[in-house]
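> Can you keep this structure in mind? I'll have questions shortly.
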Amino acid sequence: MKFCCSFVLIFLMGFSAFAVLVSPSSDDRIVLKEGQSLTGDIVAEKQDALYIDIGVTVLKIAKEDVLEYEYAQELETWDINTIDTNAVEQLLLGPVAEVGKDERPTGQLYHTAELKKTTIEKCADTYSEAVVKVESPAGMGSGFFINEDGYLITNYHVIEKETEIEVTVFYKAKNGFEKKKFKKVKIEAINSFVDLALLKVEDLGETKIRYAYLGDIDDIKVGEQVFAIGNPLGLERTVTDGVISTRNRAFEGLVYIQTNADINPGNSGGPLFNLAGEVVGVTNMGYIFFGGLGFAIPVDYVKHFIDNRDAFVYDKDNPNTGYKYIQPDRRRNKNKLKIDDLQ
């Protein structure tokens, strides 16, 4: 069936000052001016468009293309100012973790929100698409999107001394997940001392991405349940869970979150979530032969790095960018004459 009207797949909808939502039904009907008709659930109505759930997707149909439409039952009307757009997303996409006020001030790259704690199952279902695989000629790690514009966080050591970077995104599909690989990835900023890198996928095009919310280190507690999502040993989208063993383990002059969630090679750069689905740390270390000893960079370090990214901006022409210099080998024969002594 061919439609001349414009309609698109909806993930997150922005509404005008007033809208009408309805309880699910199966007999709502829209007749187009071209003669075709659609039946399903009219889940939202705006001044200039209708949104109808036809079972496999949600369509946006301009009212100028509609001849007539009717609801199967009486509407329930709300002021749109009282409606959270994330709640609308739950209506359209199914059960997800509960999201409150989404905050991203002007100039800030990452999102924060008032999230309510739920289960690992719901959080993983909601935010697993935000976690990506980061690959370079030297190896592979994990990462996660921090906004809808393609910015993502990973570990510095995942991309160290590399510029050819690929990012693989995993999208939910009918029978699992589908992969989409992006090869135009820009290094925005790096900080080798805290092992963080800020990347940007530049060839997203019209692709919509899921991002993760950054939490607050002051809100996490010892014994709190957490979970990690990453690609350990190349095993994509692996979820491991545990608790916060300690929130301030000192190591080489920095403070780390210690967790007993399994962290293995390939997890590096991936998120450590709490049960609200907030990122509380970036996983970067683990003991391969000792289970239950994993470490993550606290989220306050991550925020500071992102907020001050101009101080850590990557410059491919700067020889000091992205490289660690090895100390010269010591002289083995101390009795060997110096060059100056031969002159």
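The values are calculated or read from the model by the stated rules, or taken from the named source; none is laboratory data. Bear in mind the structure is a predicted one, so any value in this text is a computation, not a measurement. Reconstructed Cβ throughout: ideal geometry from the backbone, glycine too, with neighbour counts over all protein chains shown.
> Need the failing condition index for residue 232 against (1) under 15 Å from residue 134 (Cβ atoms); (2) touching a residue at least 40 places away in the same chain (Cβ under 8 Å), just the number.
(2)
> Here are some conditions: (1) surrounded by 15 or more Cβ atoms within 10 Å (Cβ to Cβ); (2) modelled with pLDDT of 75 or more; (3) charged (D, E, K, R); (4) part of a helix (DSSP H, G or I). Residue 64 meets all but one. Which one does it not meet?
Of everything listed in (1) surrounded by 15 or more Cβ atoms within 10 Å (Cβ to Cβ); (2) modelled with pLDDT of 75 or more; (3) charged (D, E, K, R); (4) part of a helix (DSSP H, G or I), residue 64 misses just condition (1).
> Out of (1) over 17 Å from residue 189 (Cα atoms); (2) in a strand (DSSP E or B), what's the single condition that is false for residue 290?
Of everything listed in (1) over 17 Å from residue 189 (Cα atoms); (2) in a strand (DSSP E or B), residue 290 misses just condition (2).
> Would you check if there is a residue in segment 166-177 being in contact with a Leu (Cβ under 6 Å, 6 or more places away or on another chain) and of a type in the set (S, T, N, Q)? Give the derivation first.
Taking segment 166-177 first, the residues in contact with a Leu (Cβ under 6 Å, 6 or more places away or on another chain) are none.
Taking every residue of segment 166-177 in turn, none turns out to be in contact with a Leu (Cβ under 6 Å, 6 or more places away or on another chain) and of a type in the set (S, T, N, Q).
> Report yes if residue 119 is among the hydroxyl-bearing types (Ser, Thr, Tyr) and over 17 Å from the mean Cα position of the chain (by Cα), otherwise no. Can you show your working first?
Details: among the hydroxyl-bearing types (Ser, Thr, Tyr): yes; over 17 Å from the mean Cα position of the chain (by Cα): yes.
Spelling it out, residue 119 is indeed among the hydroxyl-bearing types (Ser, Thr, Tyr) and over 17 Å from the mean Cα position of the chain (by Cα).
> Give the number of residues within segment 251-283 that are touching a helix residue (DSSP H, G or I) at 6+ places or on another chain (Cβ under 7 Å) and closer than 14 Å to residue 303 by Cβ.
Step one: list which residues in segment 251-283 are touching a helix residue (DSSP H, G or I) at 6+ places or on another chain (Cβ under 7 Å), which gives 264-269, 273, 275, 277, 279-282.
Then keep just the ones that are closer than 14 Å to residue 303 by Cβ; that gives 279-282.
Adding up the residues that qualify gives 4.
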